[in-house]
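Inspection log for the structure reproduced underneath, given as structure tokens.
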Amino acid sequence: MQRQAIHYFVNSNSSRGYVSFYESNFGGLDRVVPLHGYPQKPLQELLEDICNYAAEQKQRTELIHNCLDNTLEGVILPDLSAGVIHIPFYAENNGLNLLEDYNIRQMREALGEAHGYFAAALRIHDAWEKVYIEKMDFQAADELAKKTEDRLIGDRHTEKKGHAVDRYFGAATINGSFDYIANLTQCLGKRYFIKGRPGTGKSTLLKRLVKKAVCAGFEVEVYHC
């Protein structure tokens, strides 16, 4: 069953500050229409109209959400190799930015404070990792990774060049944490849940699977935390 509409984020406010996967998602498209500084209401109406029309035409759609408030900020139509993305005024070098607008300054200060809290949380996570890494059986983990690669991919391959696209399945928004995992996985025949403490190799396992799948010629969606 093919997914007709999926939802995700291409940017995030994280422990590393603001991180964007814009190029990974829009860089390979034939046509990209940037919308500069649109007001919220007409922007939402325009993007929803595009999605509704695409659905009527049985076109696959990818709905991209804003990591601050989870509103729509872009649409990709992969079958047409086309996309629309909103570029907010505070993200550009324009007159308001040059004049150091008070609201923009307040917003940037608040985001900087949030990034600081995320970084503090990461330091705690890294301390936890150290405890478990010291007791880690790396040989057993490597054997499990190899078995998982063989089970999921094995000798299967395509004649195409493999490709991986980076995205976020969720975001820490102004209304709390939100994710689209259920939407992204609803049409999959199988879902594997990886459980483990910090530092026990979960990310390393996934990176190995991505590398093997790309080398085998598959298109891979990589969703970051």
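Please treat every number below as a calculation from the coordinates, not as lab data. Note that the coordinates shown come from a computational prediction; the quantities given were computed from them, not determined experimentally. Virtual Cβ from ideal backbone geometry, glycine too; neighbours counted across all protein chains shown.
Structure data summary
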{"item": "Pair HIS125, LEU188: separation of 7 Å Cα→Cβ label points (nm)", "result": "1.9"}
{"item": "Spatial separation of Cα centroids for segment 157-225 and segment 115-137, in angstrom", "result": "21"}
{"item": "Karplus 3J(HN,Hα) series, Hz, for segment 147-161 with 6.51 cos²θ - 1.76 cosθ + 1.60 (x for Gly, Pro)", "result": "4, 5, 4, 5, 6, 7, 10, x, 8, 5, 7, 10, 8, 7, 7"}
{"item": "Under Karplus coefficients 6.51, -1.76 and 1.60, residue-wise ³J(HN,Hα) of segment 44-51 in Hz, glycine/proline x", "result": "4, 5, 5, 5, 5, 5, 4, 5"}
{"item": "Amide H contacts under 5 Å for ALA5, placed H, 5+ residues apart", "result": "THR61"}
{"item": "Hz values of 3J(HN,Hα) by residue in segment 64-80 - Karplus curve (6.51, -1.76, 1.60), Gly and Pro given as x", "result": "9, 10, 6, 6, 7, 10, 6, 6, 5, 10, x, 9, 10, 10, x, 5, 9"}
{"item": "0 to 90° range, to nearest 10: angle between helix 102-133 axis and the chain longest Cα axis", "result": "10"}
{"item": "Computed helical MRE - 222 nm, the chain, DSSP H runs ≥ 4 contributing -39500 (n - 2.57), nearest 500", "result": "-13000 deg cm²/dmol"}
{"item": "Choice from GLN40, GLN59, GLN139 with maximal GNM fluctuation in the chain (Cα, 10 Å cutoff)", "result": "GLN139"}
{"item": "Label-point separation in nm, TYR22 to ILE181, each point 7 Å along Cα→Cβ", "result": "2.9"}
{"item": "Least to most buried among VAL131, VAL214 (fewest other Cβ within 10 Å first)", "result": "VAL131, VAL214"}
{"item": "Counting DSSP beta bridges with both ends in the chain, the antiparallel % (nearest 5)", "result": "50"}
{"item": "Answer label for log10 I(q)/I(0) by the Debye sum over Cα atoms at q = 0.11, 0.13, 0.16 Å⁻¹ (calculated), chosen among [x] -0.60, -0.84, -1.24; [y] -0.65, -0.83, -1.09; [z] -0.70, -0.94, -1.29", "result": "[z]"}
